[in-house]
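I am attaching a structure below and will ask some questions about it afterwards.
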Amino acid sequence: AFFHDMSLMRRMEIAADSLYKAKLIRGFCHLYDGQEAVCAGMEAAITRKDSIITAYRDHCIFLSRGGDLVTAFAELMGRQVGCSRGKGGSMHFYKKDANFYGGHGIVGAQVPLGCGLAFAQKYRKEDSVSFSLYGDGAANQGQLFEALNISALWKLPAILVCENNHYGMGTAEWRAAKSPSYYKRGDYVPGLKVDGMDVLAVKQACKFAKEHAIANGPIVLEMDTYRYHGHSMSDPGSTYRTRDEISGVRQERDPIERVRKLLLAHDLATPAELKDMEKEIRKEVDAAIAKAKESPMPDASELFTNVYVKGFGVESFGADRKELRATLP
């Protein structure tokens, strides 16, 4: 299952790269290839009652939460059947029925929201936890420490997960942080450093973190991971690191290849079976793209939906509150 799910994520992201270059995906697009073990391992340790909120590198987390390929590609291409009705695009995937509260474009802004989700879980006595994912580039954000402080005071079931891919945009971690040991940043909140390229290590760490957070309050997890693509599609990813570095990580630490080696070493699958699985995944991704392309663009009236709560704020006034400028549909 790990091999299948991570291979599916990898193929989806590689396809998204091609769709972006073909100008079928517009705007920002941040790919997750290389980091698949983080969301796959996390999902294996928790249930859908637990909440996840993340930044803009969110496509694979949507898949891990039970999202499907057609909905994902449709959202990337701004189509009607997308998970955010084509209005969110790459950075704003969402799946409320699986407690996935989306991708967020403002660096670090999802962490206070995630701690708010943990507050709701404790208030309702739900026995579930909230995972707030952020990158090493967001690790110095003030709002992160404010949210962690109040979570610790109230012993909220909040788990802060730093997906440390070692480059905040194009800046190496050691140039941006005096202490790049992000798992120690909690001070009064305990932390664990995890091999984020090992899906089994991630699973065990998240299982431990969930038990700890429910009993004792927040914990910080630092996932030591790596992204193969640049920060976003506008970043070639090769100006601030060498191609040798990228290929070195691929050869020595790739999360999918690690699982492949384990499956073969323990006679759980044959090389041919794994190859066949990868071929099927390619077909599945291609079919999903074709179906997503058939979905229409959102209707122009969608511009005015989800701006206000229904029945409130449907009239637009001038600054003096006297002149009625427009009535929104």
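Working out 0.36 nm times the residue gap between Asn140 and Ala1, then minus their Cα-Cα distance, what length gain in nm do you get to one decimal?
Full-extension gain reported as 46.5 nm.
Could you calculate the contour length gain from Leu153 to Phe28, that is, 0.36 nm times the residue separation minus the distance between their Cα atoms, to one decimal place in nm?
41.3 nm
Going down the list Lys203/Lys283; Lys125/Lys283; Lys21/Lys193, which pairs span over 32 Å between their C-alpha atoms?
From Lys203/Lys283; Lys125/Lys283; Lys21/Lys193, over 32 Å: Lys125/Lys283; Lys21/Lys193.
Post the alpha-carbon centroid distance, the range 195-262 to the range 94-122, in whole angstrom.
One Cα centre to the other: 21 Å.
Using θ = phi - 60° and the Karplus form 6.51 cos²θ - 1.76 cosθ + 1.60, what ³J(HN,Hα) does each residue of the range 74-79 get, whole Hz, x for Gly and Pro?
4, 5, 4, 8, x, 9
For the pair Lys261/Ser301, report the inter-label distance in nm, with labels modelled 7 Å from Cα in the Cβ direction.
5.7
Which value in nm describes the separation of the simple spin-label points at Asp97 and Arg241, placed 7 Å from the Cα toward the beta carbon?
Reported label-point gap for Asp97 and Arg241 is 3.7 nm.
If you take the beta carbon distance between Gln251 and Ser316 as r and set R0 to 51 Å, what does 1/(1 + (r/R0)^6) give as a FRET efficiency, to the nearest 0.05?
0.30
Right, here's the next one. What 222 nm value per residue comes from the helices of the chain, counting each DSSP H run with n ≥ 4 as -39,500 (n - 2.57) and dividing by all residues, nearest 500 deg cm²/dmol?
That comes out to -13000 deg cm²/dmol.
Of the DSSP beta bridges with both residues in the chain, give the percent that are antiparallel, rounding to the nearest 5.
About 20 percent, rounded to the nearest 5.
While we're looking at this one, here's another question. So what J values fall out for the range 277-288 if you push phi through Karplus, 6.51 cos²θ - 1.76 cosθ + 1.60 with θ = phi - 60°, rounded to Hz, Gly and Pro as x?
4, 5, 5, 4, 5, 4, 4, 4, 5, 4, 5, 5
Something else now. Taking every Cα atom in the chain, find the radius of gyration and the maximum pairwise distance Dmax, and write them in Å.
Rg then Dmax for the chain, in Å: 20.6, 75.
Describe numerically, in nm with one decimal, the distance between label points set 7 Å from Cα along Cα→Cβ at Lys293 and at Ile106.
3.8
Next up: If the chain between Ser234 and Glu273 were fully stretched, how many nm would it gain, using 0.36 nm times the residue separation less the Cα-Cα distance?
Gain on stretching Ser234 to Glu273: 10.4 nm.
Find, among the chymotrypsin sites (Phe, Trp or Tyr not before Pro) in the range 27-130, those assigned to loop by DSSP (not H, G, I, E, B) with at most 16 other beta-carbon atoms within 10 angstrom.
The qualifying sites are Phe28.
Magnitude of the Cβ-charge dipole of the chain, K/R +1 and D/E -1, about the Cα centre, nearest 20 debye?
560
Each value in this text was obtained by applying a stated rule to the coordinates, not by laboratory testing. Not measured: the values here are computed from a predicted model. Using ideal geometry, Cβ is built from the backbone for each residue, glycine included, and neighbour counts are taken over all protein chains shown.
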